[in-house]
Amino acid sequence: MTGNEQARQAEPTGLQPRPARDAERSLQTLDREKTDPQGKAEAPIGVFDSGAGGLTILSALRQELPHEHYIYFGDTDRNPYGLRTDAEITEFSLQISRFLIEKGVKLIVVACNTATQAALATLRANFPTTPFIGVVPAVKPATRITRKGRIGIAATNQAAKAQYLRQLIDEFAEGMHAYAVGCPELVTLVEQGRLDGAEVEETIRQAMQPLTREGVDVIVLGCTHFPALRPAIERVVGKQVQVIDSSSAIARRTHAVLNTEGLLRPENEETRGCEALEVWCSGDPVAFSAVATKLLDYPVKARQKHW
């Protein structure tokens, strides 16, 4: 049985709307966004995730757009999202987006695959004047580099079962074998700041076993937490398996949207330092500061937002 057939068997009976892609934003919305005052280019970019995983996207954004300012929100008090319902994830995403918009952001990157799949269309409908960038598992690039036609997708439990992932597989991996597996234990490792060591590698080995035993030669990291573990994952699965994620592509897409909308921050100063970054979380700010400092490799002091 192909991965496509497995995916179709696993689909829920009730159809759910897939996230609206950037290309599907209406011309009316784009025209309205272009009328924003020129001063909005100075505004920060908002980035949010269920916790620390979106920091991997933030790192890619800061490499691609070093002159921008950023506000990051990690919903650490309510993660992992992979164990939540779509309705809960959508409610949380609306709440966080409203907070970021009230903070004055000019664009929001939903740096969470699970939230993108559950809530992106709703976010765009509720906040039509704010551009949203979602993250999409790199299924299409995986089909271009696989030699065996066997692709693995490591995701959260929720994302691994989502209809949207099945649609991506059907659209881009038709005729190939595609296998999706939920790896919530890897999310826990990243949230705890545990990125290396024998115990970490053993946890990864067990999590990846459903994919490696199928003989995949490409593994897509379909959760933004997982790139933080990429060196350890690559050691575990071996050189015969390519490991890819979408962080660089998301950063390039954000750059393109800002450029199109005339919202790029002027390159009149270097803003790579922590002064260009504001970090919030819903859980323990001390614990999150420690994890964020480790992932970003410079001092971070998070503030807490109580809901």
Subset of the range 151-171 (residues that are at pLDDT 95 or above and over 17 Å from Ile233 (Cβ atoms)) = none
Only one of Glu171, Glu199 is within 24 Å of Leu83 (Cβ to Cβ) and of a type in the set (Asp, Glu); which?
-> Glu199
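Let's see how each residue does on (1) more than 20 Å from Asp49 (Cα to Cα); (2) in the same structural domain as Val110 (by TED's automatic domain parsing); (3) surrounded by 18 or more Cβ atoms within 10 Å (Cβ to Cβ); (4) in contact with a His (Cβ under 9 Å, 6 or more places away or on another chain):
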site: Ala155; (1), (2), (3), (4): no, no, yes, no
site: Asp196; (1), (2), (3), (4): yes, no, no, no
site: Leu211; (1), (2), (3), (4): yes, no, yes, no
site: Thr224; (1), (2), (3), (4): no, no, yes, no
site: Pro227; (1), (2), (3), (4): no, no, yes, no
site: Glu234; (1), (2), (3), (4): yes, no, no, no
site: Gly238; (1), (2), (3), (4): yes, no, no, no
site: Val241; (1), (2), (3), (4): yes, no, yes, no
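Yes or no, residue by residue, for (1) buried (at least 17 other Cβ atoms within 10 Å of the Cβ); (2) in the same structural domain as His255 (by TED's automatic domain parsing); (3) not charged (D, E, K, R):
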position: Leu65; (1), (2), (3): yes, yes, yes
position: Glu68; (1), (2), (3): yes, yes, no
position: Pro80; (1), (2), (3): yes, yes, yes
position: Glu102; (1), (2), (3): no, yes, no
position: Thr129; (1), (2), (3): no, yes, yes
Residue list for the range 188-236, filter: more than 22 Å from the chain's Cα centre (by Cα) and aliphatic (A, V, I, L, M) = Ala198, Val216, Val236
Failed condition for Gln117, given (1) outside any helix (DSSP H, G or I); (2) outside the structural domain of Leu221 (by TED's automatic domain parsing) | (1)
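Does Thr129 satisfy the criteria of being more than 15 Å from the chain's Cα centre (by Cα) and either modelled with pLDDT under 95 or farther than 16 Å from Ala155 by Cβ (or both)?
Values: more than 15 Å from the chain's Cα centre (by Cα): yes; either modelled with pLDDT under 95 or farther than 16 Å from Ala155 by Cβ (or both): yes.
Yes: the conditions hold for Thr129.
Considering only residues that are assigned to a helix (DSSP H, G or I) and either in contact with a strand residue (DSSP E or B) (Cβ under 7 Å, 6 or more places away or on another chain) or modelled with pLDDT under 95 (or both), look in the range 73-88 and name the one that is farthest from Glu185 (Cα to Cα).
Just the residues of the range 73-88 that are assigned to a helix (DSSP H, G or I), to begin with: 81-83, 86-88.
Those left that are additionally either in contact with a strand residue (DSSP E or B) (Cβ under 7 Å, 6 or more places away or on another chain) or modelled with pLDDT under 95 (or both): 81-83, 86.
Values: Tyr81: 13, Gly82: 11, Leu83: 12, Asp86: 20 Å.
Selected residue: Asp86.
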Counting only residues in the range 154-197 that are part of a helix (DSSP H, G or I) and basic (Lys, Arg), the one nearest to Asp284 (Cα to Cα) is identified as Lys161
What do you reckon, is Leu295 surrounded by 16 or more Cβ atoms within 10 Å (Cβ to Cβ), touching a helix residue (DSSP H, G or I) at 6+ places or on another chain (Cβ under 7 Å) and not basic (Lys, Arg)?
-> yes
Restricting the search to the range 61-120, which residues are touching a helix residue (DSSP H, G or I) at 6+ places or on another chain (Cβ under 6 Å) and among the polar types (S, T, N, Q)?
-> Thr76, Thr90, Ser93, Ser97, Asn113, Thr114, Gln117
Scanning the range 132-153 for residues that are assigned to a loop (DSSP other than H, G, I, E, B) and either within 16 Å of the chain's Cα centre (by Cα) or aliphatic (A, V, I, L, M) (or both), which turns out surrounded by the fewest Cβ atoms within 10 Å (Cβ to Cβ)?
-> Val136
Would you point out the residue of the range 82-100, among those that are among the hydroxyl-bearing types (Ser, Thr, Tyr) and crowded, with 20+ Cβ neighbours inside 10 Å, that is nearest to Val135 (Cα to Cα)?
-> Ser93
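The values are calculated or read from the model by the stated rules, or taken from the named source; none is laboratory data. From a predicted model like this one, the values you see are computed outputs, not experimental measurements. FYI the Cβ positions are ideal-geometry reconstructions off the backbone, even for glycines, and counts take in every protein chain you see.
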